[in-house]
């Protein structure tokens with residue numbers, strides 16, 4: 001019963017940036033890359049037939065469902081931040097959204113063993129890279145901006161490093177994650193006094209024991225923690241984005257809410273402090289006081305801050 005409750009709690013947290021009550025996506029075109037029995041889809045959004053000068057590539061957060069949200073009976077039940085980006089920015093930017101590997105548009109795969117077994121940090125980076133390279137290879141832009149929320153922001157540094165030799169990326173916008181490993185973030189969260197959902201704090205308190213068990217049994221898909229099996233955690237838990245971030249010299253934007261219960265704000269504050277210590281000046285940090293992992297759900301504010309930063313630091 002407790003395990004089921006935790007799974008429900010975690011699922012709600014994972015979907016914290018998903019928006020309901022929309023009219024659905026418009027101006028969307030779907031591409032499919034075949035890889036033997038596997039496939040990778042990606043979506044482009046444009047309000048005209050010609051490429052604009054600037055492209056946003058959005059990398060969505062964690063979960064075993066489509067990056068665009070969930071669709072039932074031909075209608076979108078939920079959508080992701082990609083919806084707000086396409087609704088608010090198509091007059092200025094084209095938008096590219098890579099789908100997760102072997103996922104169909106709008107579908108849920110939380111009970112699909114093949115999807116769960118293949119869900120790793122390395123696979124997410126490679127999947128996004130494949131989609132991006134396929135599109136940019138035939139569609140050059142003057143400026144390309146990588147945007148990632150939560151897990152999407154967590155994988156943005158290695159994704160950028162995997163792309164930079166072949167494609168020019170103008171900037172990174174990292175939302176609600178920072179530079180610490182997920183292990184370090186959970187250790188910080190367990191000692192914070194925040195309004196956690198029932199059962200969540202209990203699981204955070206087990207982080208040391210769970211971390212040891214993940215290292216001892218890294219490929220298990222029967223053992224799990226906070227809604228994910230060990231094989232997923234073994235690739236994500238101990239990776240520290242800061243180690244890649246310090247190698248990056250293009251403009252970086254970080255936005256974080258001070259009351260985030262999934263990725264503590266200390267993770268982004270730490271990056272800011274480390275950049276200042278080493279004299280790196282390419283990081284611009286914005287903190288939303290009193291806001292959580294979904295940045296308060298004020299997506300117009302998030303997008304306005306991102307566009308202002310882009311205009312001042314990237315497109316100048």
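Among the listed residues 85, 89, identify the single one that is within 15 Å of the chain's Cα centre (by Cα), surrounded by fewer than 23 Cβ atoms within 10 Å (Cβ to Cβ), in contact (Cβ under 8 Å) with a residue 24 or more places away in the chain and closer than 18 Å to residue 29 by Cα. Before the answer, list the steps.
On the way: 89 fails: within 15 Å of the chain's Cα centre (by Cα).
Checking each option against the conditions leaves just 85.
Yes/no per residue for (1) without any contact (Cβ under 8 Å) to a residue 40 or more places away in the chain; (2) touching a helix residue (DSSP H, G or I) at 6+ places or on another chain (Cβ under 9 Å):
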residue: 227; (1), (2): no, yes
residue: 230; (1), (2): yes, yes
residue: 239; (1), (2): no, yes
residue: 245; (1), (2): no, yes
residue: 249; (1), (2): yes, no
residue: 252; (1), (2): no, yes
residue: 255; (1), (2): no, yes
residue: 258; (1), (2): yes, no
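Give the residues of the stretch 39-66 that are surrounded by fewer than 22 Cβ atoms within 10 Å (Cβ to Cβ) and either assigned to a helix (DSSP H, G or I) or at positive phi (or both), sorted by residue number.
Across the stretch 39-66, there are no qualifying residues.
Here is a yes/no grid of residues against (1) in contact with a strand residue (DSSP E or B) (Cβ under 8 Å, 6 or more places away or on another chain); (2) in a strand (DSSP E or B):
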| site | (1), (2) |
| --- | --- |
| 247 | no, no |
| 256 | yes, yes |
| 268 | yes, no |
| 271 | yes, no |
| 276 | no, no |
| 281 | no, no |
| 286 | yes, yes |
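Say we look at the stretch 283-308 and pick out the residues that are out of contact with any helix residue (DSSP H, G or I) (no Cβ under 8 Å at 6 or more places or on another chain) and under 17 Å from residue 177 (Cβ atoms); which of these is surrounded by the most Cβ atoms within 10 Å (Cβ to Cβ)?
That would be 294.
Would you pick out the residues in the stretch 33-49 that are within 20 Å of residue 114 (Cβ to Cβ) and out of contact with any strand residue (DSSP E or B) (no Cβ under 6 Å at 6 or more places or on another chain)?
Across the stretch 33-49, the qualifying residues are 34, 35, 36, 37, 38.
Table: residues versus (1) out of contact with any helix residue (DSSP H, G or I) (no Cβ under 8 Å at 6 or more places or on another chain); (2) touching a residue at least 60 places away in the same chain (Cβ under 8 Å); (3) at positive phi; (4) part of a loop (DSSP other than H, G, I, E, B).
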site: 191; (1), (2), (3), (4): yes, no, no, yes
site: 198; (1), (2), (3), (4): no, yes, no, yes
site: 212; (1), (2), (3), (4): yes, no, no, no
site: 263; (1), (2), (3), (4): no, yes, no, yes
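Can you tell me which of (1) more than 30 Å from residue 111 (Cβ to Cβ); (2) in contact (Cβ under 8 Å) with a residue 40 or more places away in the chain is the one residue 308 doesn't meet?
Going through (1) more than 30 Å from residue 111 (Cβ to Cβ); (2) in contact (Cβ under 8 Å) with a residue 40 or more places away in the chain one by one, residue 308 breaks only (2).
Given the structure, is residue 230 over 19 Å from the mean Cα position of the chain (by Cα) and surrounded by fewer than 18 Cβ atoms within 10 Å (Cβ to Cβ)?
Working: over 19 Å from the mean Cα position of the chain (by Cα): yes; surrounded by fewer than 18 Cβ atoms within 10 Å (Cβ to Cβ): no.
Criteria not met by residue 230.
Out of (1) at pLDDT 95 or above; (2) touching a helix residue (DSSP H, G or I) at 6+ places or on another chain (Cβ under 6 Å), what's the single condition that is false for residue 270?
Every condition holds for residue 270 apart from (2).
Of all residues in the stretch 63-77, which are at pLDDT 95 or above and within 17 Å of residue 125 (Cβ to Cβ)?
The one that is at pLDDT 95 or above and within 17 Å of residue 125 (Cβ to Cβ): 67.
Could you run through the stretch 163-189 and say how many residues are without any contact (Cβ under 8 Å) to a residue 40 or more places away in the chain, surrounded by 20 or more Cβ atoms within 10 Å (Cβ to Cβ) and closer than 30 Å to residue 135 by Cα?
The number of residues fulfilling the criteria is 1.
Condition check ((1) within 30 Å of residue 231 (Cα to Cα); (2) in contact with a helix residue (DSSP H, G or I) (Cβ under 7 Å, 6 or more places away or on another chain)) across all residues:
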| position | (1), (2) |
| --- | --- |
| 41 | yes, no |
| 47 | no, no |
| 57 | yes, yes |
| 81 | yes, yes |
| 87 | no, no |
| 136 | no, no |
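If I filter the stretch 147-162 for residues that are over 18 Å from residue 179 (Cβ atoms), in contact with a strand residue (DSSP E or B) (Cβ under 8 Å, 6 or more places away or on another chain) and at pLDDT 95 or above, do I get at least one hit?
no
The values are calculated or read from the model by the stated rules, or taken from the named source; none is laboratory data. What you see is a predicted model, and the numbers here were worked out from it, not measured in a lab. As a convention, Cβ positions derive from the backbone with ideal geometry for all residues, glycine included, and neighbour counts pool all protein chains shown.
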